[in-house]
Every structure is written in C-alpha cells, then in structure tokens.
Amino acid sequence: MPALNKFTGWLVLGTLVFYLLSVADWVSTALPTLCAWGANAAMWKTLPKGAKRQVLILMGIGVLALIFAATQGIWMTWREVLAINLPMLAMFVAVSFLDLTSSRDTSRPLPKGLKAIVNTAFGVQLLGAVINMSVIMVFADRMKGIGRLSSTQQFVITRSFSAAAWWSPFFVATGVALTYAPGMKWQHTVIPGIFMGLMSVAFSTIQAYRRTKGDFEGYPIRRESLFVPLLLSIAVIICHFTWQNISILVLICLIAPIATMLLMKARPRKQALLSFVDDKLPRIGSQFALFLAAGLFSNGIKAIILCYPQVFDVASSHFSVFIFAVTLAGMILVSYVGVHPVISVAVVSPILLPLHPEPTQLGFLFFSAWAISTGSSALTGLGLLMTGRYQVPASVIVKNSWRYALCMWFLASFVNAVFL
C-alpha cells in the first residue's frame, strides 16, 4: 500500500489517459477501471469519516443487492458494476487540470453595491463553469478578508456557482446526466439551462440587494479572467458540431488538459504539471469514492428491479410533467438530509428509465436536481465547505435558501413543461 500511495496522483491521471485510449479501442476498459479503483484504495485513508461512512453504506447495499439478484438468476456484467461511472471520473480528472489556468487577484479593493453583487454572481458562475470548485474558495477567501464570510456573500457565490450545472459542459453534473440519461443531447438543454442560470443570478441579486441595501462587498472580477471560460465553452461547441460522432464527455476529456497546457499561468509548465499530479490530484478522493460507490449502488437497484419486473411494471405510465416535478422535489428534499445529488440520480435513473422518458427531459431533471440541491442544501459538499471553512451555520444556509429552492423548483418544472 505505501507504494500505491506514492503513485496515487498517477493512478488518478491513468484513469483519464487509459479511458481515452479505451474509447479508441487501443486498450481494454479494464485498465482505466483498475486505475480508478486503485486510486480509490490509495486515497481512502484521506477521506473524512462522514464520507467513508456514506460510501461504505452505499457499497454495502449495492453488493448485497447484487448478491441477492444473482441468487435469483440476474447477473450484471463487471463493466456495469465497476465501470459505469468511469467516463464521469475521467471528465472530473480532466477538468481538475483547469485549476492551473486560474489567477488570484489580491491587490485591488473589494467593490461594493449592486454592481458588485451582479459581477460577483456572474463571475463565479462563468469561472466556476469551467474551473469548478476551486473558484468558490478563490472568491470566498478574497471576499471574507480578515473577517468572516457573511451569509449574504455565501448564498450569492454558492447559488451562482451551482447554477452553472444547468448549462456548463465542464460541470460534473453534465457527466452524471450523460451517464444516467442515455441518449441525452447536451446541446438541447443549453438554452433552457442558460435561462435557469440567469434566473438564479437574478433571484440571488435581488435578495442580496434588499438584504444589504447595497452594502455588499463582492469579488474584484477582471474581464480578462473570463476569457478562458468563454474560449473553452466555444471550443467545446465548435468541436461538438464538427465531430458529432465524438461524445461531449470525450471532447471535454481531450480539450481540458490541452487547454491547460496552453493557457496555464505557472512556469515552468512541466514542473507545475508534475506538482499538480503529485500533490493536487490525490486530494479528490471523496469524489472518486462517491462516484464509484454510486455506480455500484445504482446497479444493485437496477438488479433488484430486474428481479421483480411485475412490481416495477410501469408500461402503462409515462414520464409526465407531474412525475418530473414530484421527482425533482423529492431529490431536492433528500439533499437537505445529506444525500448527494449523484446518489439520488443513481437511484432515480433505473426507476424512471422504464417509463421511456425523453432523454433531454431526464437530463434536465438531473441538471436541475444538482443545481438546486448543491446551491441550497447545507449538507452537500458545497454546503459543508461553507460551514467548515467559512463558519456559516448550516441553519443559516437552509433559512436563507428554502425560498430560492422552491422558486427554482417551480421554474425548472415550468421550463420542462413548456420548452422541453
């Protein structure tokens, strides 16, 4: 195990590299799968106790369900059990590299007023859409200064960041939706997703301005810092329409590392990349463990459903507007008791797929659950970051955000009913 720990970052990187090679049929899928589970074993000791407990429960239920299904003659393939979330993990590793393209602004004073709220909200959404979680810490650390992050600052950056899940191809939510909503076309959700992102910013901006009367200290965003997110988003769209036979996930896995090497700030590049692999990649253990456990758990649920087709016979039903709204409400509510969106997606997907939902609608459901849950719950990864690192009480997060969650739930259900 010590030898395994020494090469943890390279096992994580191997998950991405060998996944791309397996897509090209140059290596077996077993190779990136071994890298992923090996990295998970190496990073296990670094996981918080709560994360370990959740992962063990999910894996335990999944294994028991698979064993029971096997006694009933239902067998799942090893790829279904161990590698279903492999594309999502590869994408997560790829976009992690984009952190090297971000810059820290520590010199300019914090702007104030309505413009500061709007710029902060749009800035964290656009930058977070590409660079992901590290942007939250960059914004929050700078905004809190030597004091504490206010509850208003917290909900502005948290909601705006999470809302990028509705439209950003670089967000992990995209990988989740493409995995659990087979046949989904990401480009069909971009326009409604951007609308939801704008509504999220508008709601939070109005609420923040009314609460602070304009006395809000925001982040000193630079226009040039938005260049990388816009460039990468345009590159993904162009490449997708140029090579339509290549999936969005694979394109992102290719574009993100290449863009990092071209646009990264640190010098020398080679040393910065080696340091990132050795020091930063081994820190994503929680995400690796959660996604692998979710895949195993989801297939356990699927196997049980196959064991009792008469119980789960939904041939006479269809994926209606009502089912969309009720399912979304349930996924949001369970996030308030600590169920991560990837887990609720893993549970809901095998239950809804027999209804033969339109894949774009199902994907939009998963985007909405992810965006609203992570933006309003105190017990998702983002909420725990706010409570642990920035001392924003969990009760305050929930109190500030339940109206937001209710409004976004209604809007998402309306968009699904009218436009999808």
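The values are calculated or read from the model by the stated rules, or taken from the named source; none is laboratory data. These numbers were taken from a predicted model, which means no experiment stands behind them. Neighbour counts run over all protein chains shown; Cβ positions are idealised from the backbone, glycine included. Quick note on the areas: whole protein, heavy atoms, side chains included, nothing else; ligands and nucleic acids left out. Shrake-Rupley method; radii C 1.70, N 1.55, O 1.52, S 1.80 Å.
Given C-alpha coordinates of the chain, what is the ratio Rg to Rh with the Kirkwood estimate of Rh?
Taking Rh as the inverse mean 1/r over Cα pairs, Rg/Rh reads 0.95.
Kindly count the pairs of lysines across the chain whose alpha carbons are less than 19 Å apart, treating pairs on different chains or eight or more residues apart as eligible.
10
With the crude spin-label approximation of a point 7 Å out along Cα→Cβ, what separation in nm comes out for LEU110 versus LEU56?
4.0
If you build a Gaussian network model of the chain, linking Cα atoms that sit under 10 Å apart, which residue out of MET88, MET199, MET331 swings the most?
Residue with maximal mean-square fluctuation among MET88, MET199, MET331: MET199.
Sketch the reach of a paramagnetic label on HIS356 as a point 7 Å from Cα along Cα-to-Cβ, and name the residues of the range 152-193 whose backbone nitrogen lies under 17 Å away.
182-184
Roughly how many Å is it from the Cα centre of the range 356-416 to that of the range 169-195, as a whole number?
16
Please give the calculated 222 nm ellipticity per residue for the chain, where each DSSP H segment of at least 4 residues contributes -39500 (n - 2.57) and the sum is spread over every residue; nearest 500 deg cm²/dmol? Can you show the working numbers first?
Details: 20 runs with 290 residues, N = 420.
Calculated mean residue ellipticity at 222 nm is -22500 deg cm²/dmol.
Taking the Cβ of ILE372 as the centre, find all other residues whose Cβ is under 14 Å away and add up their charges (Lys, Arg: +1; Asp, Glu: -1).
Values: positive: ARG159, ARG403; negative: none.
After counting each charged neighbour, the total is +2.
Please give the charge dipole size of the range 223-288, origin at the Cα centre, charges +1 on K and R Cβ atoms and -1 on D and E Cβ atoms. Round to the nearest 20 debye. Before the final figure, lay out the partial values.
Numbers: 7 positive and 3 negative charges, 44 e Å.
Charge dipole of the range 223-288: 220 debye, to the nearest 20.
Let me spell out the model: positive unit charges on the Cβ of Lys and Arg, negative unit charges on the Cβ of Asp and Glu, origin at the Cα centre of the chain. What dipole size does that give, in debye rounded to 20?
Charge dipole of the chain: 1440 debye, to the nearest 20.
Any idea of the accessible area per residue across the chain, 1.4 Å probe, to the nearest Å²?
Dividing the accessible area of the chain by its residue count gives 44 Å².
State the Cα centre-to-centre distance between the range 71-141 and the range 252-298 in whole Å.
11
Under 8 Å for C-alpha pairs, at least 6 residues apart: give me the relative contact order for the chain, rounded to a whole percent.
Computed value for the chain: 25 percent relative contact order.
Please name whichever of PHE203, TRP10, ILE74 sits farthest to the positive end of the charge dipole of the chain, dipole taken about the Cα centre and charges placed at Cβ: Lys and Arg +1, Asp and Glu -1.
PHE203
Over the Cα atoms, compute the radius of gyration (one decimal) and Dmax (the largest Cα-Cα distance, rounded to a whole number) for the range 80-201, in Å.
Here Rg and the maximum Cα pair distance are 16.0, 52 Å.
In the range 36-126, which chymotrypsin sites (Phe, Trp or Tyr not before Pro) fall in coil by DSSP and have 15 or fewer other Cβ atoms within 10 Å?
Within the range 36-126, the qualifying chymotrypsin sites (Phe, Trp or Tyr not before Pro) (loop, at most 15 other Cβ atoms within 10 Å) are TRP75.
Probe radius 1.4 Å, ligands and nucleic acids ignored: give me the carbon and sulfur share of the accessible area of the chain as a rounded percent.
Numbers: 12590 of 18490 Å².
Summing carbon and sulfur atoms, their accessible area is 68 percent of the total for the chain.
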